[in-house]
Every structure is written in C-alpha cells, then in structure tokens.
Amino acid sequence: MEAIEDKFGRSFKTLRVSLTNHCNLGCVYCVDDSAQPSDLPDLPAISTEQSLGTSDFVKVIEQLHSILQLETVRLTGGEPTLYRDLLPLVEGIRNTGIRKIKMTTNGSLLPAKIEALQKAGLTSINVSLDALDTTVFHKISRRRNLVKILQGIEKSIQVGVSVKINCVVMKELNDTEILPLLAFCKERNIPIRFLEVMQMGHLYGNFEAHFFPEESILDTIARQYTFTEIKRAHAATAKYYVMPDGYKFGVISNESDPFCNDCNRLRLDSYGNIFGCLSNNTAINLSSYIGQPEEIKLRLKEALAHKKMKFSGSKLSMLSIGG
Ligand code: SAM
C-alpha cells in the first residue's frame, strides 16, 4: 500500500480524537478570562453538544487505521469523560485492533468511571492537574472540584491503569506548584510532565505574560533535586529527566524547544474534521467520505502537508482541536 509519508519521513501513527468541545472546567489557558464569571457551578456531567455518534467515530477511526496502521488512539476534548457513550466507544476502538487506547482528562469524573473504562479497553490516562493548592487550582480552573480529581487519580492507580500527570505552568499563577506537584507524583511513582503554556486560542500572539519556559521549570526543580536528561524517544512529546533514585519527570517545551521533525500525530475533532498540525487552523472534513478510502487518502495527504517544522501557535483553542 502506498505510504502516507512526507519528505521528512513523517507519517500519522497517533490519532488524537476530541470527543466534545465541552469541558466541566474553565481553565484560563483554554477559555478567555472575560468570557466567564470568576466562579461557576459545576456543569452537567454529560455533554449536550452535538458530536459524532459512537458508530460514526468508530467508522472513521477504523477507516483511518486501515490506511495508517495506527499505533495509538488518544481520547481527549474538551473533556472526554463528558461524552455520553464513552464505554461503547472505547470497546468499538478496541475491536478495530488498535492496541493502545489512551485518554487525556481533567480527572473529575474518574472516580465513577475509571474501572469500567479499563474493562472496556482503556490502557492509560494523562490527568491534567495544575495545582494542589485549592486557591491556585480555583484561580486556574474556575472550579472547586480538586478533591474529586485527586480521588480519580488514586482510584486509577488502584485499579492498575497507567497514570501520568500533566501540569501547564503559568508564571505568577502556578509556578509555586511545581515542587509540591512533583513531590505528590514522586511519592506515588507516577510521571509528571510540566508543559510550557502554548499560544493557542485566545492566547495566540498573547501568551508572554504567563510564559514560564523550560529553563525556569528546570531551575525551580534543581532547587530541591538533582537530575539528568534522558535521550528523547522517537516522536515523544516530552523530554524526560531522571533523578538518582530512578524517578523520571518530563517537560513539554512546545514554545522554547518544539519537536516537530518527527511528529506523528493526527487530530480528529468532534465533527469529523482532521487536522495534521497543531499550528494549522484548516479543518479537513472526513465524515462524508467514510467507505471511500481513496478520498480519505487524498485528505490525509493534504493534512500531512500542513505539518510545520516549528510550532507557531494557532487561533484554535485546545478545547476544540483536542489537547
Ligand atoms: N479536558 C481534558 C484535560 O483537561 O486534560 C482534555 C483536553 S485539555 C485541552 C488537554 C491538555 O491541553 C491539558 O493538559 C491542558 O492542560 C492542555 N492545554 C490546553 N490549552 C493549552 C495551552 N494554551 N498551552 C498548554 N497546554 C494547554
């Protein structure tokens, strides 16, 4: 079969699927400050937004897998645990033969859902956690459900799902949380990755005020720990560092040191559009071409041609394109 590959040898092996644009947190990097009151009640636990239905999602993913031989599907959003038929969707993806089914989640609904999700075929989760301090957590997320998220993390560890924590570091908002979060994860022996804030959505062209670069993240950690850098794995999003006792943490420095030269990610949004690059706003619709592999291949080639060599930001929020 003709390979979908660009002149730099890049292809699509990881598919990130945004199941819904809705989220039950209102984090400052995703949602414009001015669009929200400072405090909001929790939103309903089920998204009311129209996304592709489960069988359509499975059909699109199956078709992409037959062309690309995908290694990983990562469910994201918005908040993927708000998607109504999450369990049948995970089962449907497992039935396509894709081995690794992962999810990026804010964790608030995990206490009720993680056990069933694991049984359905979910292999690992990344939980976004930007603070352990309740005041700082509220400043960033504009919600007060930190306790549920922490319970979700403990429950996931307990049932044996592989857990990683993601923390977006923002200057003067949560840079004081780096060391407490690192200690929390080290104690549980789960990796944490600190992310530089990226110029996406309402932060496009306007992210400097809260930018806390990799260098400052490492300086903060070096106040308390020694560590050395590990050789980065092919197509990995994070650079990892190891401490003398073997504990590893990562940094995702999309702004100061982006790794685009071996990026293998393709994004599918909740309306059936694909995006080949985080820095490109052009949506390419696939849902009308299910069952037409030649048409799908053409659109995959178009998406691959959008891949840049350096992250340059996007007007699309991660909320819709899928983090
Ligand atoms: N709701 C889920 C969650 O909270 O993990 C999944 C979607 S969220 C958009 C996925 C990831 O994108 C989160 O780890 C979030 O912190 C990150 N993210 C969103 N906007 C970002 C930005 N402008 N810069 C860096 N990370 C961002």
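Among the listed pairs LYS102/LYS239; LYS248/LYS308; LYS164/LYS231, those whose Cα-Cα separation exceeds 26 Å are LYS248/LYS308.
Legend: calculated FRET efficiency, SER55 to GLU2, from the Cβ-Cβ distance at R0 = 25 Å, rounded to 0.05, equals 0.35. Placing +1 on the Cβ of every Lys and Arg and -1 on the Cβ of every Asp and Glu, with nothing else charged, gives the range 140-289 a dipole about its Cα centre of roughly 660 debye. Can you give the log10 of the normalised intensity I(q)/I(0) at q = 0.11 Å⁻¹, computed with Debye over equal Cα scatterers of the chain? Values, matching the q order: -0.67.
Under the simplified labelling scheme, the ILE290-ALA209 pair shows an inter-label distance of 4.3 nm, with each label point 7 Å from Cα along Cα→Cβ. With only the Cα atoms considered, the range 107-149 has a convex hull volume of 64 Å³ per residue. When the Cα atoms of the range 198-274 are aligned to their principal axes, the ranges along those axes come out at 46, 31, 22 Å in descending order.
Solvent-accessible surface of the chain, averaged per residue with a 1.4 angstrom probe and all protein chains in place: 43 square angstrom. Placing unit charges on the Cβ atoms only, positive for Lys and Arg and negative for Asp and Glu, gives the chain a dipole magnitude near 740 debye about its Cα centre. Label 7 Å along Cα→Cβ of GLN151; the range 100-127 residues with amide nitrogen under 13 Å? 108-114, by backbone N distance to the label point.
The equivalent ellipsoid that matches the C-alpha gyration tensor of the range 132-252 spans semi-axes of 22, 20, 14 angstrom, in descending order. Backbone phi angles across the range 183-191, fed through the Karplus curve with coefficients 6.51, -1.76 and 1.60 (θ = phi - 60°), yield HN-Hα couplings of 5, 4, 6, 5, 4, 9, 6, 10, x Hz in residue order; Gly and Pro are listed as x.
The values are calculated or read from the model by the stated rules, or taken from the named source; none is laboratory data. This structure is a prediction, so every number in the text was calculated from the model and none was measured. Cβ sites come from the backbone with ideal geometry, for glycine too, and all protein chains shown count toward neighbours. Remember, those area values only see protein heavy atoms, side chains included, never the ligands or the DNA or RNA. Shrake-Rupley method; radii C 1.70, N 1.55, O 1.52, S 1.80 Å.
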